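Have a look at the structure below, then the notes.
The values are calculated or read from the model by the stated rules, or taken from the named source; none is laboratory data. Please read these numbers as outputs of a predicted model, since none were measured by experiment. Glycine also receives a Cβ, built like all others from the backbone with ideal geometry; neighbour counts cover every protein chain displayed. For accessibility, only protein heavy atoms count, side chains too; no ligands or nucleic acids. Shrake-Rupley method; radii C 1.70, N 1.55, O 1.52, S 1.80 Å.
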Amino acid sequence: MVKEVKTQAKIGVGVDILWKALAKNLKFIIPKMIPNLVKDAEVIEGDGGLGTVYLFNFGPDIKTMTYQKEKISELDDSLHRIALQVIEGGHLNLGFSYYNTIFQLTAIGEGETLIDVTVAYESEIEDDTMPSKTKSSTLAYISSLENYLANASSC
């Protein structure tokens with residue numbers, strides 16, 4: 001049975017800048033933003049649109065996984081909505097049989113964006129700590145992205 005964890009964050013980055021980072025420049029930004037977690041990222045299939053597959057090779061701070069392949073399973077430029085589904089490695093090696101993260105961006109003011117995140121997953125193991133870990137890691141990722149983009153635009 002698919003379970004969901006939802007969280008929300010408001011960040012001080014405009015929706016267009018954030019959308020470009022999440023939907024267009026993901027493979028370039030993530031290794032710069034969190035190099036200890038993601039050593040490198042590459043597109044191994046597709047052109048950056050729906051169906052594109054990314055390979056993320058993890059850095060030294062990730063002890064339980066070496067890589068993860070993610071596919072863009074949903075992409076809507078007009079709604080600023082993107083979903084990334086893990087298709088190999090990573091979370092699937094940790095007891096998940098399905099792991100999909102949806103980011104919905106909404107402009108809420110000049111230079112501010114509301115991010116609604118839904119993580120849908122199926123787990124082969126019962127672990128009551130998993131939803132809180134998923135939520136906290138997603139919020140940490142969003143915070144890192146906000147800091148990266150804020151510093152990149154001030155340079």
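Inside region 16-42, can you point out the residues that are in a helix (DSSP H, G or I) and of a type in the set (A, V, I, L, M)?
If the condition is that a residue be in a helix (DSSP H, G or I) and of a type in the set (A, V, I, L, M), then I17, L18, A21, L22, A23, L26, I29, I30, M33 are the ones that fit.
Can you name every one of the strands (runs of 3 or more DSSP E) wholly within region 43-141 that holds 2 or more residues which are of a type in the set (G, A, S) and open to solvent by 40 Å² or more (accessible area, probe 1.4 Å)?
96-109
Could you list, in sequence order, the residues of region 17-40 that are in contact (Cβ under 8 Å) with a residue 60 or more places away in the chain and open to solvent by 40 Å² or more (accessible area, probe 1.4 Å)?
I17, K32 - these are the residues of region 17-40 that are in contact (Cβ under 8 Å) with a residue 60 or more places away in the chain and open to solvent by 40 Å² or more (accessible area, probe 1.4 Å).
The rows are residues; the columns are (1) at pLDDT below 85; (2) not aliphatic (A, V, I, L, M).
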{"residue": "Q104", "(1), (2)": "no, yes"}
{"residue": "V117", "(1), (2)": "no, no"}
{"residue": "E126", "(1), (2)": "yes, yes"}
{"residue": "S132", "(1), (2)": "yes, yes"}
{"residue": "S137", "(1), (2)": "yes, yes"}
{"residue": "Y141", "(1), (2)": "no, yes"}
{"residue": "S153", "(1), (2)": "yes, yes"}
